[in-house]
1. Taking 2.2 N^0.38 Å as the expected size of a compact globular protein, what ratio does the Cα radius of gyration of the range A:377-443 give against it, to two decimals?
2. Carbon and sulfur together cover what percent of the accessible area of the range A:15-120 at a 1.4 Å probe radius?
3. At most 11 other Cβ atoms within 10 Å and a DSSP loop assignment: could you name the trypsin sites (Lys or Arg not before Pro) in the range A:508-598 that fit?
4. For chain A, list the cysteines whose Cβ sits under 4.7 Å from no other cysteine Cβ?
5. Mind pulling up the Rg/Rh value for the range A:317-400? Radius of gyration and Kirkwood radius, both on Cα.
6. Provide the per residue accessible area, probe 1.4 Å, for chain A, rounded to a whole number of square angstrom.
7. Given labels modelled 7 Å from the Cα in the Cβ direction, how far is it in nm from residue A:444 to residue A:809?
8. Beyond 37 Å, how much of the Cα-Cα pair distribution for chain A remains, as a whole percent?
Amino acid sequence: MADRYEPHVIEPKWQQRWETDQLYYASDEDARTKWYELAMFPYPSGDLHTGHWYHYAGADTHARYMRMLGYNVLFPMGFDAFGLPAENAAIKRGVDPADWTRTNIVNFRRQFKMMGASFDWSREVVTSEPDYYKWSQWWFLQMYNRGLAYRAAAAANWCPGCQTVLANEQVVGGRCERSDDVVERRFLTQWFFKITEYAEELLRFDGIEWPERIMAMQSNWIGRSEGAVLEFEARTGGAAESLGVFTTRPDTAWGATFLVLAPEHALVNLVTTAMQRKAVTEYVQATARASEIERLSTDREKSGVFTGGYALNPFSGVEVPIWIADYVLVTYGTGAIMAVPAHDQRDFEFATKFGLPIVPVYDHPEIDVTAPLKQAIAHGGRMINSGPFDGTPGNEAVQRVIAHAVEKGFGKATITYRLRDWLISRQRYWGAPIPIIHCEQHGILAVPEADLPVELPDHPHFEATGQSPLKQIESWVNAPCPIDGAPARRETDTLDTFMCSSWYQMRYADPRNTERPFSSELGRKWLPVDQYTGGADHAVMHLLYTRFFWKAARDMGIVEGDEPMLRLFNQGTLLGPDGQKMSKSRGNVVAPDDQVAQWGADAFRCQLMFVGPWDQGGPYNPSGMSGIVKWLHRLWGLATEEAVLTSDPKSEATRSLRRATHKAIRAATDEMAGFRFNTLISRLMEHSTAMHKARAAGRVDREAWEEAVSVAVLLTAPMAPHLAEELWARMGKPYSVHQQAWPVCDAGLATDDEIELVVQVNGKVRDRITLPMGASEADARAAVFASETVQQWLKGAEPRRVIYVPGRLFNIVL
RNA sequence: GCCGAAGUGGCGGAAUGGCAGACGCGCUACGUUCAGGGCGUAGUGUCCUCACGGGCGUGCGAGUUCAAAUCUCGCCUUCGGCACCA
């Protein structure tokens, strides 16, 4: 048996053993309290990179810790396997997306094993396999049956060169990332989930412990704003048409001197006069073409066109012109605004450019509002030019004007959200087919549950024909109508991959169920997730979708409770040694396989955990690795090399060693619970140093030494699982270290018997005094004033005041 | 522009309002027949001092406090997210 620490020998050995023994298998029958620890599953592309290691090493460490605390831990892993990269590989290199994906998964599993991660592989899910996506389709049908899925026209990015729809991330600077063609917008009929029905509830984060940052980002994304919808009366030549505008400042309605509609607004056609028809049509087309590129730049000059139509401002009774402009978004509010140029900068710029009237409806303490304004001014003084409301102070105005509008019947208080419904259709091959059949006679029909899954056909075509790949496979598209069996056609859009990942945590509870997505017993046993970990890049998409999904499932009676993930921890982003994002083009990539070959998995895991706070990420510099490697070697030496043992339980040396051991337990427990792995390791290093000193001093008490060694191994086990297992075995302890109980701190043993009191004069440290533990304030005072150093600083002056912090500090104020 | 997080040695980073710089890297000196990316001991913010010791120090400027890296206010910078949201 080698006496040296040789990670390359021990790591594969224990990985094999753990796998054979199914050491991390989570049993449904285990009656202990469950703990569901979930790390966001990866998209299997190429290799596990260092960022993956950073995430999963931390999650694995915490899962192992929870096991040692005695929980029945469920720590599953799987693959979010549908998606664009597989399809791109298919297009570029002619490989089958399914083959490409399966090959990558095999590689990922190998690398996860190499890490020593304690996943329960018996529960693995792969979202691109029919036994999983059958249930993604099932969920779609449940949503559809409850009216939460619907079809509507929506803009898609269209690449004229590739003749295909592009995802937003494939559009770079308004151009197709592959062909560099200018991307157009095309309106297609697509499927949506009504996430907006849950907007209000999604803003509440009751009962969950999530980072403030993430909750703020979600609130921001949902974008709740309170205001009113006011009904203007559009004069369309024929009958008057009601035209609702959303505003957060209904109190400025008397200053609304024109209306602006989004170019896509439904009433544009109706209000446009013959004279203006040509200009309006051109502008609408230009907007459609301009799409993202220009609309994204905030400070470009306002553009717009007069429709020729007018509307009656119900407050002032004045007829105001109706314009269209692309700064008004059809997707927000009612897609129409009343413009109040005196008090809104955007409206002001627009009015100035097109010579429209500017009427202030608030006075201002410093600005003469009767003179022409140079810019929009804040509303907040008292109302003017507002008929019966003149003189109303700003703080009461909104409520009073809304009440007035309600009474007169031309408006009501409303809440609007920025959040839009979730577009789940993708015109792609590599996704779960949406289980819908279009029948000419019967319309849109759900595929009967008994016919699920609707499997993806083999041999997809990826030619640029302008049609989605599934549309080109006639044999697949043609399907009988579920009602009468007449020829009908399948829906050829596939589901957004975010849908597959919105419910995967449920599937882990019962992953092989062929009757249901999961049984209600196992759902009750394992759900919800107790601890979720993952990158903050999923703050608003995945993490919002999965909350929506859960709430919808709750309302269907499928799950209990309001939230899917009770605690969330976001690890930070790991950067390259140069502080830049790791990327192949920068050449600053740290390859995990190389690191493992060089140092071993345990060292690499520990180093990743040691570089800084886990939620902070930051630069990863392999040059610091030697510190961790040294420590692991030292730990090895402490546990395997002989110490001169004796029986000396009462000596100061013994007490001191035991104190160090129990302080280490206390610190490690505390740091582990808070995911502070960096300071946790530093505490373990301190313990190693204490052990080293105790042994070097000569004889050590046998009991204290053995305690120190086993505690050191146990506390290290979650982070360096192979090393700990090997040392545990060499100590002759029963397999496995990972099934041992986490050590418990004996507070009495951890207590110092002396304290060092810091003595300050006027807040500056002037002396330190050692006192026995439990010394009274009187003792402390006596000792302080007896100090020569203190007397020198006092110079005979009389203390005005003294502050005593027991056991810590004594401050004399002169 | 709005929302959020963060600014501490040469570097990564520690500090329930109570000793700033734990732990580690790097560096310096000394020791060691160091085969295993050696090991051990001591030192390492800065300025003054042979030294004892002292002054100054946590992005900048105020404030609260006996006491501030930490709390408050104002600014600057960096990073992340959103962005013509009415």
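1. On the way: Rg = 24.4 Å, N = 67, 2.2 N^0.38 = 10.9 Å.
Normalised by 2.2 N^0.38 Å, the Cα Rg of the range A:377-443 equals 2.24.
2. Working: 1860 of 3720 Å².
Carbon and sulfur atoms account for 50 percent of the accessible area of the range A:15-120.
3. Passing both the DSSP loop test and the Cβ count: A:512, A:584, A:586.
4. Those would be A:500, A:606, A:745, since no other cysteine Cβ in chain A comes under 4.7 Å of theirs.
5. Numbers: Rg = 13.7 Å, Rh = 14.0 Å.
Checking Rg against Rh, the ratio lands at 0.98.
6. On the way: 36420 Å² over 814 residues.
Roughly 45 Å² per residue, with all protein chains present.
7. 6.7 nm
8. On the way: 195634 of 330891 pairs.
Roughly 59 percent, rounded to a whole number.
The values are calculated or read from the model by the stated rules, or taken from the named source; none is laboratory data. What you see is a predicted model; the values in this text were computed from it and never measured. Virtual Cβ from ideal backbone geometry, glycine too; neighbours counted across all protein chains shown. Accessible surface is based on the protein model in full, side chains and every heavy atom, while ligands, DNA and RNA are left aside. Shrake-Rupley method; radii C 1.70, N 1.55, O 1.52, S 1.80 Å.
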